[in-house]
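Below is one structure, written out as structure tokens; the observations come after it.
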Amino acid sequence: MAQPLVKKDDDRDDEADYSPFLGIEKGAVLQEARVFNDPQLDPRRCSQVITKLLYLLNQGESFTKVEATEVFFAVTKLFQSRDIGLRRMVYVMIKELSPSADEVIIVTSSLMKDMTSKTDMYRANAIRVLCRITDGTLLTQIERYLKQAIVDKNPVVASAALVSGIHLLQTNPEIVKRWSNEVQEAVQSRAALVQFHALALLHQIRQNDRLAVNKLVTSLTRGSVRSPLAQCLLIRYTSQVIRESANNTQTGDRPFYDFLEGCLRHKAEMVIFEAARAITELNGVTSRELTPAITVLQLFLSSSKPVLRFAAVRTLNKVAMTHPMAVTNCNIDMESLISDQNRSIATLAITTLLKTGNESSVDRLMKQITNFMSDIADEFKIVVVEAIRSLCLKFPLKHRSLMNFLSNILREEGGFEYKKAIVDSIVILIRDIPEAKESGLLHLCEFIEDCEFTYLSTQILHFLGIEGPKTSDPSKYIRYIYNRVHLENATVRAGAVSTLAKFGAMVDSLKPRIFVLLRRCVFDNDDEVRDRATLYLNTLGGDGAVVETGEDVKEFLFGSLDIPLVNLENSLKNYEASEEPFDINSVPREVKTQPLAEKKAPGKKPTGLGAPPPGPPSTVDAYEKLLSSIPEFANFGKLFKSSAPVELTEAETEYAVNVVKHIFDGHVVFQYNCTNTIPEQLLENVIVVVDASEAEEFAEVASKPLRSLPYDSPGQTFVAFEKPEGVPAVGKFSNMLRFIVKEVDPSTGDAEDDGVEDEYQLEDLEVVAADYMLKVGVSNFRNAWESMGADGERVDEYGLGPRDSLAEAVNAVINLLGMQPCEGTEVVPNNSRSHTCLLSGVYIGNVKVLVRLQFGLDGPKDVAMKLAVRSEDEAVSDAIHEIVASG
Amino acid sequence: MSRFFSSRDSCPAIKNILILDSEGKRVAVKYYSDEWPTHSSRLAFEKSLFTKSLKSNARNEAEISMFDSNIVIYKFVQDLHFFVTGGDEENELILVSVLQGLYDAIALLLRATVDKRETLENLDLIFLCIDEIVDQGMILETDANVLAGKVAIQSMDVSAPLSEQTISQALASAREHLTRTLLK
């Protein structure tokens, strides 16, 4: 009884999985292909076999060289059949096989015959196949037919020839360029697609001839292009012409703008969208020009088609970056897209809204986002979190609701990357918005109560140890931290112990309580936790032993190691346990990857937990330690500023040298980072000889040569100058690298004993006024400006002469002064006639300086500037004016 | 080839056309861009694309997604998933017109029963259709009627006398005649 039942099941399975290609096998199909050689061809059968071969190729099966050749020759036999369907499959098959040059010859004559056939379908396809597989030599033979085909009255044939022309232009431009008369005729074709293909080809033929493209666009924008696709092309070419034509009519109407605007009323959506997008991407587009484009995009936002909504919101999102005001009209439509089923659309809508939103709409927006967050993927959530972070920095007053939002989503489910993005955002907000600090720290405390990621827990504990003791009521964090000691794994417990110790060191009133807690930790079952607890009890004096001075304890707890961690790690790895204790002084102090780290540092704002918030980036610390370890420079005092490395050699020269300028109060030290890129050479006694004849106020006082510079391991040499104390002396220095070069046998790595003295000219180096200015931002410029008072204020006006643009002038002044732009005022909106830029910095001698720059266009190109400087010292205010006046 | 795909000022370009079944297996695919040079990279692309798009509702209207800095437009019909990929700067609506043209042409050719079984049984027509819609990344034709007409006329022998043509062949030839007159 069971038997038939099973059989029935089998049947049904077969039916569900049925495929004409079930169990198909390459070997068998290749056997079947022998029917191509039959004297009496069966077109139907042959067609089926070709389909099977194509199916195999499509599934990723590949033929060996021999198999491919065999199939190819067999297929060529099929040209004998006059069955159109079979012939069509033969064409496809030949294209798939992409035969080699000697094989092509076999089919050339058949294809050429088809090319001149009376059947349109043969002509069109033979052209496509032949042009696909042919090389240049054959092309000259068939050129005549191709030219005819371009103007063929059958649109399919014409399109085939034109599209083939577009592909051939890449390989045989000379030949295709000779067809431009025919192509030009085809542009006038009544068939839509022919016009499209002809226009594409004509433009590609002429794309390097600006005048010709201009003429083409001018004539076509007047006439009527029928095909929507061709119209899209025309819009692209038109914006190209607009882009390239000099912007001489700043105030007048933009050429061709009317054409683009007219396309917004086209009946095809793809043309409307292409035109709208082209308008939004115009250089320096005005809001008057933008309006009609934004209006059509706004209509698309409420379309029933996801693709239209996506296209519109994506374009508006880009516009919002440069013209947030222009997009605000769409905010209502945009808000309804937050719940769009297509998550790409929803995310784009949110990030657009967060860019265009004003302070009053933030609360409403947050409410909507809260509803939406639970059902999107983590990667979209991260985008949203980042948008919210920048919004919060833009509207610091809204930190309460935004911080609440972040803490809410922090409690919800999510992966590591997502949680890390949130934690990083909270940390950045705590750092940049002082009012948000206490609530932010509490949110983080609550988070670690129930955090599954060890990495995040330890990072947050570390951050708490630095920030927590500085708050008004540090004691409230202790409970959260001590809970970790009970409930977590050893890594987190050890972190918590360190954090407790930091509270103990910073807050005297908490010390007795901290001691109690630390003493309990001494009984932990993990070595590291116990060790740390004992160590901290000892240093803080909790076990009644000798109490070290407070400074030492803080230095121990908060100070950074004065050696690069990478070097320490390497040394520890190399250290073998023995009688001899590990000597931390044996770790090399020289920072090998320095130039690289330097380059990365200024590019990105230090994000989140990675970089400790207080103090300058660690490379400056590293420089300071490095310099103070050199006895010659030890008495120079405190390092004021280290510049970014300046390259003194071209890339890929024999010796790569860059220089870092270290500014002290009364001295300047040049640190030359040298790399020897020649494996066959060893350089010794490397020194840079500096000619300071064009820097009158500087006098060389010391130099520290580099004893040896082997291949590919960078080293440093230093030269120190004395300069008048506190004075921002400037000057130009020319540099010569001098060294003894020794040949090295690359196979053994041994250097010869005798060396030859040699020199290598480096580029000049300048010390400029900006070197004496530290980029230090202020969070609220107005407050800082007001509190500085008008006593040390100096105001003057300057003419900057003709400039390319306002933005260029603003940048030039910022670079000249080397100060930190505040509140995003370094960005000049397009087409504005005036701009105010706020700068802040610390001048040598640790004098705070604030600068308010007002720029205005005076006439068509001339830029005028009003410079107001406030500082704690009038002399410094004058000095800033001096910099601008002489720069 | 690479230059053809790089410049925004040049033509709209199609990077691939994929027809997968409801398990993500290939029915018919065609790659035009060398962005996916190997078989395995193509399979990986198809797999992640399939999984990512699976949850969306692309039955009524074509859906769209950004995918590895490409734009993918897709539509699901019965147990088939159609995809068209273009560069991230491409006009989304042009890509839609290609997808719609492909689907409508196939629907015409298969007489409105578009599912995996029917597609596999007429795979030759599908291959021809894909061959006619895009040539090495360049859009050749997007009008479904013209496309279907171009593919359908092939199933007859030009030299055969009219009386020997089957009804469907006669229909196809009539259709070709019609499209030609329409295009004039």
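Among the residues of region B:44-64, count how many are surrounded by fewer than 19 Cβ atoms within 10 Å (Cβ to Cβ), among the small types (Gly, Ala, Ser) and facing another protein chain (nearest Cβ under 9 Å). So the answer is 1.
Of the helices (runs of 4 or more DSSP H) that lie entirely inside region B:97-184, those containing 1 or more residues that are at pLDDT below 70 and more than 8 Å from every other protein chain (Cβ to nearest Cβ) span B:167-183.
The set of residues in region B:55-89 that are in contact (Cβ under 8 Å) with a residue 24 or more places away in the chain and within 20 Å of A:ALA346 (Cα to Cα) comprises B:ALA62, B:ILE64, B:ASN70, B:ILE71, B:ILE73, B:TYR74, B:LYS75, B:GLU89.
Looking at A:GLY799, is it surrounded by fewer than 14 Cβ atoms within 10 Å (Cβ to Cβ) and assigned to a strand (DSSP E or B)? So A:GLY799 passes the test. Considering region A:112-141, and only residues there that are of a type in the set (Ser, Thr, Tyr) and within 25 Å of B:VAL146 (Cα to Cα), the residue that is farthest from the other protein chains (Cβ to nearest Cβ) turns out to be A:THR116. The residues in region A:155-205 that are free of Cβ contacts under 8 Å to residues at least 12 places away in the same chain and within 8 Å of chain B (Cβ to nearest Cβ) can be counted, and the count is 1. Looking at A:VAL271, is it of a type in the set (Val, Ile, Thr), touching a residue at least 40 places away in the same chain (Cβ under 8 Å) and within 13 Å of chain B (Cβ to nearest Cβ)? Taking the combined requirement at face value, the residue satisfies it. Applying the condition of being among the hydrophobic types (A, V, I, L, M, F, W, C), part of a helix (DSSP H, G or I) and surrounded by fewer than 21 Cβ atoms within 10 Å (Cβ to Cβ) to region A:448-495 and asking which residue is nearest to the chain's Cα centre (by Cα) yields A:ILE466. Taken over region B:70-83, the criterion of being more than 9 Å from every other protein chain (Cβ to nearest Cβ) and either surrounded by 20 or more Cβ atoms within 10 Å (Cβ to Cβ) or assigned to a strand (DSSP E or B) (or both) is satisfied by B:ASN70, B:VAL72, B:TYR74, B:LYS75, B:PHE76, B:VAL77, B:LEU80, B:HIS81, B:PHE82, B:PHE83. Just checking, does region B:24-47 include any residue being at pLDDT 90 or above, at positive phi and within 17 Å of the chain's Cα centre (by Cα)? Yes, because at least one residue in region B:24-47 is at pLDDT 90 or above, at positive phi and within 17 Å of the chain's Cα centre (by Cα).
If the condition is being free of Cβ contacts under 8 Å to residues at least 40 places away in the same chain and within 14 Å of another protein chain (Cβ to nearest Cβ), then region A:32-43 contributes only A:ASP42. Checking A:ARG82, A:ARG128, A:ARG123, A:ARG144 one by one, the residue that is buried (at least 20 other Cβ atoms within 10 Å of the Cβ) and more than 47 Å from the chain's Cα centre (by Cα) is A:ARG123 and no other.
When region B:23-40 is filtered for residues that are within 11 Å of chain A (Cβ to nearest Cβ) and over 25 Å from B:THR142 (Cα atoms), the ones remaining, listed by number, are B:GLU23, B:LYS25, B:THR38, B:HIS39, B:SER40.
In the condition set (1) more than 11 Å from chain A (Cβ to nearest Cβ); (2) among the aromatic types (Phe, Trp, Tyr); (3) more than 16 Å from B:CYS129 (Cβ to Cβ), B:PHE67 is compliant with all but (1). The set of residues in region A:206-228 being among the basic types (Lys, Arg) and touching a residue at least 12 places away in the same chain (Cβ under 8 Å) consists of A:ARG206, A:ARG210, A:ARG226. Would you be able to say whether some residue in region A:215-233 is assigned to a helix (DSSP H, G or I), more than 14 Å from chain B (Cβ to nearest Cβ) and surrounded by 18 or more Cβ atoms within 10 Å (Cβ to Cβ)? For region A:215-233, residues assigned to a helix (DSSP H, G or I), more than 14 Å from chain B (Cβ to nearest Cβ) and surrounded by 18 or more Cβ atoms within 10 Å (Cβ to Cβ): present. Of the residues making up region A:49-86, those that are facing another protein chain (nearest Cβ under 8 Å) and either farther than 25 Å from A:ARG123 by Cβ or part of a helix (DSSP H, G or I) (or both) number 10.
The values are calculated or read from the model by the stated rules, or taken from the named source; none is laboratory data. Model, not experiment: these values are computed from the prediction. Positions of Cβ are generated from backbone atoms using ideal geometry, with glycine treated the same way; all protein chains shown enter the neighbour counts.
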